[in-house]
Structure formats: structure tokens, C-alpha cells
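Data block below; observations after.
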Ligand SMILES: [Zn+2]
């Protein structure tokens, strides 16, 4: 099955899934793996987390033990970090709800903001005490690792608490695990930042996380829209008020990763801005990305001096939603309006605005959408449509040219070393003989090896009729074993060595042994090869048309046989070259036997070449 890749931006599908094999592979960005590997990559989970995720999805009960100090030590680092964060979150919550300071400072702040107990619980809000070491000391007392505490930014290098006298907003990843914290200062201390965030760590990449996404994702899918605001409390207020499809980019401007995260759930983004035009202009800079991702993005500017929190409280859910609907502008419109208001009547500034808008329009992949935006911008900026179209076209050509250059560079790289010209000295009369390249299959060693390994992996336990009762691997292995050092690619060699050892121990070899192998080299290569584009398309690109081209699975016997012939051909070529060299260099000795052997090798090579040529043509 083919589809658009969830890991990179593409317009034509190159993401392949083989349900039968339980693997996926993208020919665009190269990502590949098993089904569990997919969940790990896509949901950003560790292996055990991915298993739990799948178990949950298919209602399979996973039995878990309680984590003892011994277990804690051996857990994967990421799991360990999550556990530390959980402990911290519980500690912060206890501070908020059970201590006098927490209640007086933190809880009263949240209550003032109108957050109900249910919201506090659900979002695991907390409070960090003003005293400097209580949390770190407790954590160390409970056997939590200092290095982990520091890695997560919970404790400083001086073993004191990182968050002091702040209300705490835990930041969750897509599966609801706490990956970081944001602490808001409540006093008016000018020397302290208003917000303090955990540093990036093995479990926290701020470019990939949106605050609130875990809680919002179901609503986003249902509403087919994601509302983006700036602050943590904006998210909480809207969510509590019934607008649940809301997230915050939390301080950073939008990243491609965040946009792709949203795109997995909806194509529609509504971004709410408050504040001054200069700040908004800066925020818009990253948004061209959304256009390139072909998402429908609308922007709303709130009335002066309002933020989503205050405005929502003032107007209530219905009026708020109504305001959003009535005032949402598409990206190009919003950007044009904003930039024009800044440029005023200055013709030079206006021409800069036009350039800026044109380059944004050119990024939109959809031609119809582009045309609509050209029309809209033309009337808004009072510029003839034809001029705009010409400008956009120029940008498009430039983009296209860049893409083509990229393509050619890649193709050149691939074609290099693909042509073999054979020069042979005839041992009998010393004449130089050329074997035209057309009579030899033009396949470079890498392709040849890849093919051999691919057949081993995908068809290893299938029966080869042609040779009686042998399986593919029984046919391939003894031959390759003799010539194992010929395999130049390290991973391919490892794969054959693994297969040979199994074969020698009379064990069966199956496809799953390769894709689940403990050696990542073997595993990745196996997945890679088993849905390899080369199996389908490469022969054609190289101008070599195999009858086996369409369905390698159904033609494995022929593939297998040919593959061995090609390998044999390579071995022969090398032996011939070495022998020729020897004959030419040792002019004194009797060379009769050597020449006889060489003739035999040449004969065999010609036979194979002929046989392969027949297949090839
Ligand atoms: Zn991809």
C-alpha cells in the first residue's frame, strides 16, 4: 500500500506499507521499520511505551509490576526520566493543595483565574515552594538519580531546586506523559523571567511539542480544526470553557514539526493573536511553512488590549466563537493587511510588501488556491492581476529549478559506476579484446549484492522447483559462503553470516528473523530491502528490463537463479583479472596451465553473460 509519508512533506506518495510483512518504508525520506517501530517513531515513544500504546488500542491487558529501586536503575533512560517527572509533578501538586504557602500563593492565583478543581487535577497544575532545596533533597532521599534530575532541569548543578516560588504547568507529550514543566513567577521581581521552562532533554524537544495537545487531540479531530493561542492560561481558560480543540505554541514561534503534528489530526488551523503588530509580524515569519504544507490556516486578531483568556471570560463561549468566525482571515489576507498598514503609502515599502506576499503565494502547492490568492491580493493591493501572475510564476520557476537541480544531483550520484567496460587481453595471441558493455548486464556491485540479499531475506524459505526440494536459502547460502568476502557491503555480509550460521546449525530461517534481529544493522537493512524500490523500479531506470520486474515475490525463482549468476559473474571477473595480470607479469615461466584455466574461466563467463543477456533482453 502506498500513501503520503507522515514523516516528511510530499505530494506524490512514496510511503509504502506491506501489511503481510508488517513493515513500512518511505522512499522519500528513507524512514523504515516494523509496526512497533512505526509507533515509536510516529508517536515519539520508547519501545515499551509503543507496546503499551498498541495494547491499549487493541484492548490487550498488559501486566505491569510496580517499579522497585532495582528496576529503576535498569529502565531505559527515557522511561526513567518520565518517572522522575511524574514524581516532580506529584510533588508540585501536593505543594499546591496541601501546604500553606502553596494554598496562599499558588492556589489563590489559579482560583483567581477561575480554574476549577477539575481543571487543576486534569492538567496536573502545581506549585514550587520558595525554599530552595526541599524538592531536590526529597528526590535524592527517594533514590532518584541526581543526574536525571539535572538533565530534566528540576535541580541545578548546585543541587538546589530549579523552580522556586512559581506556579507549575506540566507539559505533556502526545501520549500524556509529562516531558517538561513551565513555571510562572507570581511576584513582580524584575530580575526573574516571568516564565521559566525545563531545558530540552531526551524526552523534551520543544519544537515538537504543543502545550495541551494531548488533551485537545480528540476535540481537534472532532472539530476538524485546531485553535492555537500563545499562553498556558489561555489554553486552560478556553478548554475549561468548552473550547477543547486548543493548544499553545508556548513561547516559540511555530515550527514545521508542530505543524505536522497538527496536520495528523486536521488541515485547519486557527491562530489567535493579541498584542502589537511588530510582535505579530515576527510570529508570521514562520508561517509560510503552513502554506507549503498545504494547510488551511486562518488568523484572528483580538480587540486591542485583550488576550484569549480575558476576552473569553468577558464574552463567553458563544460570542467568542462568533468573533473568531467573523474575524478569521486567511493567511495571505491577514499578512497583506498587516504589512500594508505598516507600509502606509510609501511606494517602496509597498513594493516590498508585494514581493513578500508573492513569495508566500508561490509556496502554495495547489494551483487553484494560488489563483484565488492572486485575485484577492490584486484587488487588495490595487495591482493588475497579470503582473501578479507573472511575479508568482517567476517564483514558481525558481522553486521548480531548485527541485530539478536537486533531482539531477541525486541521479548523477546514482548513475556513477553503473557502466562496466570490459577490456580483455586474449591470452593466446596477446590481442586486446573488448567485450561490448551491451552484452554484459550493467549492474554495479552494490545493486547486485543488494539483490542477492533481498532475495535471501524475502524468499528464504520458499521452495525452488528448479532444483528439486531445496529452499531458496539452501540454494543461495552454500554458494555465497564460498565467496562471502566478495560482499563489499558490511550489512549485507552480516546478514549472510547470520544466515550461514543458522544454516550450519540446521535451523530454519524466516523473514521475521531478519526484521526482528537484535543487530540494528541487520534489522534496518532487512526492512529496507524487503520493500525496496529497486525490486520494482530500478531495473527500469537502468534500462534493464527484466520480466520479473512487476512482482518480485512471484518471480523469486528466476530472481534467485539470475542473482546467483550475476554474483558468479562478478567472482569470475575478478578471478580472470587476477589471472591475466599474473600471466602478463610472469613472462619467464611456463604459462600453459594458467592460460588453460583462464580460457575456462572466460568460457564460463561468456556462457553466463550470454545466459544473462538472454534474460535481460
Ligand atoms: Zn518520508
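In this structure, residue 117 and residue 157 have a Cβ-Cβ separation that, at R0 = 45 Å, corresponds to a calculated FRET efficiency of about 0.75. Full extension of the chain segment joining residue 366 with residue 43 gains 113.4 nm, where the gain is 0.36 nm per residue of separation less the Cα-Cα distance. Once the C-beta distance of residue 578 and residue 510 is scaled by a Förster radius of 35 Å, the resulting FRET efficiency is 0.40 to the nearest 0.05. Remark: the residue 304-residue 470 segment gains 51.8 nm on full extension, using 0.36 nm per residue and subtracting the alpha carbon distance. Here the simple spin-label model places points 7 Å from the Cα toward Cβ, and for residue 77 and residue 98 these points are separated by 3.3 nm. Need one word for the range 75-223: rounded, prolate or oblate. Basis is the Cα gyration tensor (sqrt eigenvalues a ≥ b ≥ c); a/c below 1.5 gives rounded, then a/b vs b/c decides. Oblate is the answer for the range 75-223, as a/c is 1.5 or above yet b/c matches or exceeds a/b. Counting beta carbons within 10 Å around each of 263, 401 and listing the fewest first gives the order 401, 263.
Distance from the C-alpha centroid of the range 491-516 to that of the range 189-238: 47 Å, rounded to the whole angstrom.
Can you give the Rg to Rh ratio of the range 3-151, both from alpha-carbon atoms, with Rh computed by the Kirkwood formula?
Rounded to two decimals, Rg over Rh is 1.11.
Remark: the range 198-277 is approximated by an ellipsoid whose semi-axes, taken from the C-alpha gyration tensor as √(5λ), come to 18, 15, 13 Å, largest first.
Could you work out the percent of alpha carbon pairs in the range 260-341 separated by over 21 Å, rounded to a whole number?
Taking all Cα-Cα pairs of the range 260-341, the fraction more than 21 Å apart is 32 percent.
Ordering 333-342, 264-273, 477-486 by mean Cβ neighbour count within 10 Å, with the highest value first, yields 264-273, 333-342, 477-486. Under the classification rounded if a/c is under 1.5, otherwise prolate if a/b is larger than b/c and oblate if not, where does the range 304-380 fall, given a ≥ b ≥ c as square roots of the Cα gyration tensor eigenvalues? Oblate is the answer for the range 304-380, as a/c is 1.5 or above yet b/c matches or exceeds a/b. Across the range 1-123, the relative contact order, built from alpha-carbon pairs under 8 Å that are at least six residues apart, equals 10 percent.
Exposure proxy for 500, 368: other Cβ atoms within 10 Å of each Cβ, ordered fewest to most, give 368, 500. Here the scattering of the range 450-521 is modelled by Debye summation over its C-alpha atoms, one equal scatterer each and no solvent; at q = 0.13, 0.15 Å⁻¹ the log10 of I(q)/I(0) is -0.33, -0.45. Given an 8 Å cut-off on Cα distances and at least 6 residues of separation, report the relative contact order of the range 167-212 as a percent. In percent, rounded to a whole number, it is 33.
Just check the range 198-339 against the gyration tensor rule for me: Cα atoms, a ≥ b ≥ c as the square roots of the eigenvalues, rounded for a/c under 1.5, and otherwise prolate or oblate depending on whether a/b exceeds b/c. Taking the square roots of the gyration eigenvalues as a ≥ b ≥ c, the range 198-339 is rounded.
Taking label points 7 Å from Cα along the Cα-to-Cβ direction, residue 319 and residue 137 give a separation of 5.1 nm.
Once both labels are positioned 7 Å from their Cα atoms along Cα-to-Cβ, the gap between residue 379 and residue 520 label points is 5.6 nm.
No lab work stands behind these numbers, since they all come straight from the coordinates. Model, not experiment: these values are computed from the prediction. When we count neighbours, we look across all protein chains shown, and the Cβ atoms used for this are built from the backbone with ideal geometry, even at glycine.
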